[in-house]
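Participant: Just passing along the structure, written as structure tokens.
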Amino acid sequence: MSKYHFIGIGGSGMSGIAQVIRSQGHEVTGSDRNLDHDRGATLYDKLRAQGIELFAQDGSGVDGGTDHVVASTAIEDTNPDIAAAKKHNVPMMKRADLLAELVNGRRSIAIGGSSGKTTSTAMTAWVLEKGGLDPTVMNGGIIKNYVSDTLIGNAKGGASDIVCVEADESDGTIVNYEPEVGVVTNVSKDHKEIDELVDLFRIFAGHTQGTLVLNADCSILRDAKIEHKNIVTFGVQCDADFRASEITCDGFSTSFQVDRQGYRLHTPGAHNVENALVAIAAGAQMGVAPEVMAEALEEFQGVGRRMDLIGEVRGVKVIDDFAHNPAKICAALSTVKPFAGRILAIYQPHGFGPTKFLRAELVEAFAEQLQPDDILYMPKIYYAGGTADMSISSDDIVGDVAARGRNAVSIPERPDLIQALAKEAKEGDVVIVMGARDDTLTDFCQDILHALEG
């Protein structure tokens, strides 16, 4: 067995793969710059409970007995752990390369796409679990069914040779995977332009060894005419191998049928029907029976920060959601619209570059989805540090949305925003907090809830 050290082990991707490597019997250590902060304390406690030793990010976690140091592309060369690895001649590995090693050559399912891949991966993993296949799972979000006193919920080690992973296209590493089953949920402008995304998914499709699962409803995928020896499709609107019909959405519950088999979800929204279809199509490739998949999907508890109902006070619901690109924002707002008197939407942009890149599409999403009585609130843009072109602000998005005839307000600081919400919210309203990359947004939702109680 080997000894692995993970730099930035608190990140969702790093913590997930670290837990899997530990479950395989390897010795695992890790460091994180937030280790001494209260934020993430539960996460670090669970890593320790699995036998993972944690260090400050000062180089002390790497020594001559370390066999591999694993880092993401976000880790700078000046990091003390990297300096220690060089000092002790420890080989460096990229997280994406290690993940590809765990996927390639196994009975693996890799799920990519611009939107829905985290929930689709979570649903697929639980379908495989209920099918008795005991998969190894690595996901970008917390799968609530897997959360325990020791497991974070974003990963688990399995006893079988089946692996189910979320495949990320944002950094281009999706092309490293050679899965037995490859899935593309959809394509829309997000981290990259459409043409660049299509090229990545085309390479991913070419690397898929067995079955390629595609969304028949995605016009961009249809126009791309991606070729593969064995394509299976899913969809709602178009003819597909796995097509949902008789869809009924009732608050936080959704039911539908596929080939006369009934399914029921306790995760709201039509977009989650598409996510469930991914799980059904992928599960079928692994031999899971439809009735078992139906039972699994009804038991599925959801993913952290994906349409999470944090609570309800005085008839006002507070929902936490990871929506950060235009497609996800449209899905989130359209989901809450049927049971909201008004939508009080809070959107925290994640980074100056992405906000500038998606400005026009973000404005269109809010203008299209918000009704005249709804209100969009925007705090300042989330800044994770480093160099950034700060020539755009939340004020710019708010101004553009207001020019389209919608209520939009810029309130940079959270305490002021909470105060404004507490005065504005009334019975029947839904407060939905949207944004990515900032783990404190869930705490922000709790603060809103407490303010409403007062």
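Read the figures in this text as sums done on the coordinates, not as results from a lab. For clarity, every value in this text was computed on a predicted model and none was experimentally measured. Note that each Cβ is placed from the backbone with ideal geometry, even for glycine, and that neighbours are counted across all protein chains shown.
Participant: Can you give the FRET efficiency to the nearest 0.05 for H450 and A384, using r as the Cβ-Cβ distance and R₀ = 45 Å?
Facilitator: That pair, H450 with A384, gives E of 0.95.
Participant: Roughly what would the spin-label model give for E196 and S160, points 7 Å off Cα along C-beta, in nm?
Facilitator: 3.8
Participant: Say R0 is 30 Å: what FRET efficiency, to the nearest 0.05, do M1 and T442 get from their beta-carbon distance?
Facilitator: 0.25
Participant: Ok, one more. Scan the chain and report its longest stretch carrying no GluC sites (Glu not before Pro) that are both in a DSSP loop and have at most 11 other Cβ atoms within 10 Å.
Facilitator: Result, exposed sites excluded: 228-412.
Participant: List the trypsin sites (Lys or Arg not before Pro) within the stretch 244-312 that DSSP assigns to loop and that have no more than 12 neighbouring Cβ atoms inside 10 Å.
Facilitator: R260
Participant: Also, I was wondering about something else. Sorting M123, M434 on the 10 Å Cβ count, fewest up front, what's the list?
Facilitator: Ordered by Cβ neighbours within 10 Å, fewest first: M434, M123.
Participant: Oh, and also: Could you pull out the trypsin sites (Lys or Arg not before Pro) across the stretch 171-258 that fall in loop regions by DSSP (anything but H, G, I, E, B) with no more than 12 other Cβ atoms inside 10 Å?
Facilitator: Sites meeting the loop and neighbour criteria: K225, K229.
Participant: Near K229, which lysines are there with a Cα under 28 Å away, not counting those fewer than 8 places off in the same chain?
Facilitator: K117, K189, K192
Participant: If you don't mind, another one. Ranked highest first by average number of other Cβ atoms within 10 Å, how do 396-402, 135-141 line up?
Facilitator: Top to bottom by mean Cβ count within 10 Å: 135-141, 396-402.
Participant: Then there's this: Which chymotrypsin sites (Phe, Trp or Tyr not before Pro) from the stretch 1-77 combine a DSSP loop assignment with at most 13 other Cβ atoms within 10 Å?
Facilitator: When the chymotrypsin sites (Phe, Trp or Tyr not before Pro) of the stretch 1-77 are filtered for loop state and at most 13 Cβ neighbours within 10 Å, nothing remains.
Participant: With the convex hull built on the Cα atoms of the stretch 308-453, state its orientation-averaged projected area in nm².
Facilitator: The directionally averaged projection comes out at 7.6 nm².
Participant: So for the pair R33, S255, with labels modelled 7 Å out along Cα→Cβ, what separation do we get in nm?
Facilitator: 5.0
Participant: Taking the chain on its own, what percent of its Cα-Cα pair distances exceed 33 Å?
Facilitator: Tail of P(r) above 33 Å: 36 percent of Cα pairs.
Participant: Taking the simple approach of a point 7 Å from Cα along Cα-to-Cβ for both E246 and E361, what is their distance in nm?
Facilitator: Roughly 3.6 nm, to one decimal.
Participant: How large is ³J(HN,Hα) for each residue in the stretch 158-169, as worked out from phi by the Karplus curve 6.51 cos²θ - 1.76 cosθ + 1.60 (θ = phi - 60°), to whole Hz, x for Gly and Pro?
Facilitator: Karplus-based 3J(HN,Hα) across the stretch 158-169 equals x, 7, 8, 8, 8, 10, 10, 9, 7, 10, 8, 9 Hz.
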